[in-house]
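The structure appears right after this line, and notes come after that.
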Amino acid sequence: MNRLTDEDLALLLLIRLFERKLLALFERGALNGTTHTCLGQEYVPVSLRPLLRADDWVFSNHRGHGHYLARFDDPDGLLAEIMGRKGAVCDGVGGSQHLKRDRYLSTGVQGQSLPVATGVALNLKRTAPGALACVYVGDGTWGEGAVYEALNLAQLWRLPLLVVVEHNGIAQSTPTELQMAGSVAGRAAAFGIGHRRVEGWDVADIRQQLAPLVEHVRTEPAPLVVEFATHRLGPHSKGDDTRPADRRGKDWYAAYRAAHPGQAARIEAAAGERVDRIAEEVAARPPSTWTAT
Amino acid sequence: MRVGENLNQALHGLLGDDPSVYVLGEDLLDPYGGAFKITRGLSARFPGRVLTTPLSEGAIVGAASGLALAGDKAIVEIMFGDFAALAFDQIVNFASKSVSMYGHRVPMPMVIRCPSGGNRGYGPTHSQNLQKHFVGVPGLSLFEMSPFHDNRAVLDRMLASARPCLLFEDKVLYTRGMYEVDDLFAWELAGDVAVVRPDLPAAGADYALIAPGGVAHRAVAAMRWLLLEHDLAGTLYVPSQLYPFDVSGLLPALGAAGLVCVAEDGSAGGTWGSHVAAELHTRLWGSLKRPVRLVSSADGVIPTAPHLERDVVLQDTTIRRAVLEALHG
Ligand SMILES: Cc1ncc(C[n+]2csc(CCOP(=O)(O)OP(=O)(O)O)c2C)c(N)n1
């Protein structure tokens, strides 16, 4: 695995430790509701980060903390949102899976975002040529019909839509084999939409592969499906994992730490301190207030 | 026994007794057993008739209609009732219409289970009570789970009706005790309606509450407080079937009550409760002591943060305030 810059590794580990902190807070009863961590998938939004521009829209889903942190260096605001404290990104109304900030939006209903992103892409094509709409979806979400209606529209109208599939082999408790006939590649092909599968987690390598493809979406607008073969290391939400520990997939960080122990230890320590400090500070804040109903 | 276990056992019993019953839904295979564990143990006992599905609410409900058309019976679990919206077309424009739009009656024995409601911090798209969106659809019946109504009897009744039915299940109720009520109160079933009143002779006419099963505990908590703090003794009526809802049997008691209050948990505006209130005004005009009082959750989205959610979602305090205000001004 190529050596990461300190900056990339710091972001990856910020996401990793942020998610671990959430699970710990849940266990202590300091959080309620539900929260979906992206443990194991942190490198997906981090890889895409320099390929996306400020005028792009990003549509995230239920498993969106990494997407948000790769877009905004704002773990405080995100944690405040999840804990319902002052300074929350959306006043504590949306919570973990309903965020909106500038051109970033997430929603907790699967499949909803693709048609919406298609509409945004239609706007961008005319008002901001070169900008695109990026949508994160899981493999399970390909069960929803809205996904196909959107793909059809996007291809028909040649819209700058980047569909990022985080194929982690499972949807909640259901392995992909039990919920998907055929493949993501085959489905993209059925619409004549370009598809690229990304194996591995080498950030530099992924960027190199994807940079020209993403650029193409900008210059010759048309949808593109990028499918990351990835691994969900943690539970779907909180402590609901019924998989045996050896079936949870591979951890990029274990591999990276083995290859670059010195850098990993140094940056992990710094990220850990930062997350601990933020968690303490946010927990001490007063509850969020919500005025706009 | 908890209400959730009662429902789980009802499904076990139904699948065991009737080989034409299917159960479809997301993530319901063992050992997971569904997001709320209501289908636990079913897939191991009845493989082939208990099917886990992709995330495809529209298709699942459509498939349930197909099973029903072909002579089977189907029970669908919508993981969060909010997602019944993704099956709205299949429910409203196909399943319900099919009962009568072909000129002769087409039996459509199917039940769509909708875990509903807030007070759990799940946020705006995972906490709603969507009952109001399904009220008044020809051919469609709405039921709500309650701590008083045995779920097996309710399921049997819904399937026997041969109409598509939605069963709303308050998620908080799953972990509450079945058949249990506050020690100051007693309850009995009068037909479809559970009647809860103070465990005292001839008490309970100060006011009448009508509430679906998911609101029952909040209603009883309010009644306890009203009894102890204000010496007001009321009676609670909890119907199992919300729509169509025949109020005829309740009219004598409601007409004699000092106040009738309908308490429901959906967001205010165009609701089941307003439908019931309108019906009561019409039928009891002249004998009602006061206008029927309606309490719902606020007309707003349900926030995720617990302190904000509490202000929006109907609480026991909302009910007791409404009753006091109506009676004492
Ligand atoms: C319409 C809809 N149906 C069901 C759910 C409940 N749910 C939330 S996430 C999820 C699994 C999604 O799987 P996938 O798309 O593979 O993403 P992953 O969780 O693996 O990241 C389910 C069933 C939902 N949020 N929305």
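May I ask you to say which residue of A:Leu78, A:Leu25, A:Leu31 is surrounded by fewer than 20 Cβ atoms within 10 Å (Cβ to Cβ), more than 13 Å from the chain's Cα centre (by Cα) and within 14 Å of chain B (Cβ to nearest Cβ)?
On the way: A:Leu78 fails: surrounded by fewer than 20 Cβ atoms within 10 Å (Cβ to Cβ); A:Leu31 fails: surrounded by fewer than 20 Cβ atoms within 10 Å (Cβ to Cβ).
Checking each option against the conditions leaves just A:Leu25.
Among residues of the range B:82-127 being among the aromatic types (Phe, Trp, Tyr) and within 14 Å of the ligand (Cβ to nearest atom), the one that is farthest from the other protein chains (Cβ to nearest Cβ) is B:Phe88. What's the total number of residues in the range B:93-137 that are crowded, with 24+ Cβ neighbours inside 10 Å, of a type outside the set (Gly, Ala, Ser) and in contact with a Phe, Trp or Tyr (Cβ under 6 Å, 6 or more places away or on another chain)? Qualifying residue count, the range B:93-137: 4. For A:Ala171, the test of being hydrophobic (A, V, I, L, M, F, W, C) and within 21 Å of the chain's Cα centre (by Cα) is passed. Identification of helices (runs of 4 or more DSSP H) wholly contained in the range B:234-329 with 3 or more residues that are within 14 Å of chain A (Cβ to nearest Cβ) and surrounded by fewer than 22 Cβ atoms within 10 Å (Cβ to Cβ) yields B:306-312.
Take B:Phe36 and decide whether it is within 29 Å of A:Arg243 (Cα to Cα) and surrounded by fewer than 23 Cβ atoms within 10 Å (Cβ to Cβ).
Values: within 29 Å of A:Arg243 (Cα to Cα): yes; surrounded by fewer than 23 Cβ atoms within 10 Å (Cβ to Cβ): yes.
In short, yes.
Would you confirm, using the coordinates I've provided, whether A:Arg207 is in contact (Cβ under 8 Å) with a residue 12 or more places away in the chain and surrounded by fewer than 19 Cβ atoms within 10 Å (Cβ to Cβ)? Yes; evaluated as a whole, the condition is true for this residue. Summed over the range A:110-144, residues that are within 14 Å of A:Met180 (Cβ to Cβ) and assigned to a helix (DSSP H, G or I) total 4.
Which residues, counting only those in the range A:157-176, are within 13 Å of the ligand (Cβ to nearest atom) and not small (Gly, Ala, Ser)? Matches in the range A:157-176: A:Val163, A:Val164, A:Val165, A:Glu166, A:His167, A:Asn168, A:Ile170, A:Gln172, A:Thr174, A:Pro175, A:Thr176. Summed over the range B:17-39, the residues that are more than 20 Å from the chain's Cα centre (by Cα) and over 17 Å from B:Pro109 (Cβ atoms) give a count of 8.
Could you please let me know if A:Thr141 is more than 13 Å from the ligand (Cβ to nearest atom) and β-branched (Val, Ile, Thr)? Steps first, answer last, please.
Numbers: more than 13 Å from the ligand (Cβ to nearest atom): no; β-branched (Val, Ile, Thr): yes.
Spelling it out, it is not the case that A:Thr141 is more than 13 Å from the ligand (Cβ to nearest atom) and β-branched (Val, Ile, Thr).
Being away from chain B (no Cβ under 14 Å), touching a Phe, Trp or Tyr at 6+ places or on another chain (Cβ under 8 Å), touching a residue at least 60 places away in the same chain (Cβ under 8 Å) and part of a helix (DSSP H, G or I), is that true of even one residue in the range A:56-65? No - not one qualifying residue is present in the range A:56-65.
A:Ala222 fulfils the conditions (1) under 30 Å from B:Pro47 (Cβ atoms); (2) part of a loop (DSSP other than H, G, I, E, B); (3) in contact (Cβ under 8 Å) with a residue 12 or more places away in the chain except for a single criterion, (1).
For the range A:255-292, name all the residues that are of a type in the set (Val, Ile, Thr) and closer than 21 Å to A:Ile82 by Cβ.
Start the filter on the range A:255-292 by keeping residues that are of a type in the set (Val, Ile, Thr), which leaves A:267, A:275, A:278, A:282, A:289, A:291.
Those that are of a type in the set (Val, Ile, Thr) and closer than 21 Å to A:Ile82 by Cβ: A:Val275, A:Ile278, A:Val282, A:Thr289, A:Thr291.
Among residues of the range A:19-30 that are under 15 Å from A:Leu78 (Cα atoms), those with a beta-carbon under 9 Å from a residue that is loosely packed, with under 12 Cβ neighbours inside 10 Å and of a type in the set (Gly, Ala, Ser) at least six positions away or on a different chain give the pairs A:Leu23/A:Gly239.
Scoring A:His231 on the criteria (1) more than 26 Å from A:Leu162 (Cβ to Cβ); (2) buried (at least 18 other Cβ atoms within 10 Å of the Cβ) leaves a single failure, condition (1). Would you mind stating whether B:Ala84 is in contact (Cβ under 8 Å) with a residue 60 or more places away in the chain and buried (at least 24 other Cβ atoms within 10 Å of the Cβ)? Considered against the rule, which asks whether it is in contact (Cβ under 8 Å) with a residue 60 or more places away in the chain and buried (at least 24 other Cβ atoms within 10 Å of the Cβ), B:Ala84 comes out as yes.
This table checks each residue for (1) away from the ligand (no atom under 16 Å from the Cβ); (2) of a type in the set (S, T, N, Q); (3) facing chain B (nearest Cβ under 9 Å).
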| site | (1), (2), (3) |
| --- | --- |
| A:His98 | no, no, yes |
| A:Ala117 | no, no, no |
| A:Val120 | yes, no, no |
| A:Lys125 | yes, no, no |
| A:Pro129 | yes, no, no |
| A:Leu132 | yes, no, no |
| A:Val147 | no, no, no |
| A:Ala150 | no, no, no |
| A:Gln155 | yes, yes, no |
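Checking every residue in the range A:177-194 against the condition of being closer than 30 Å to A:Asp55 by Cβ, touching a strand residue (DSSP E or B) at 6+ places or on another chain (Cβ under 6 Å), in a strand (DSSP E or B) and away from the ligand (no atom under 13 Å from the Cβ) gives at least one match.
Rule-based calculations on the coordinates, nothing more; no lab input. Everything quoted here is computed from the prediction, not taken from an experiment. All Cβ positions, glycine included, derive from the backbone under ideal geometry; neighbour counts span all protein chains shown.
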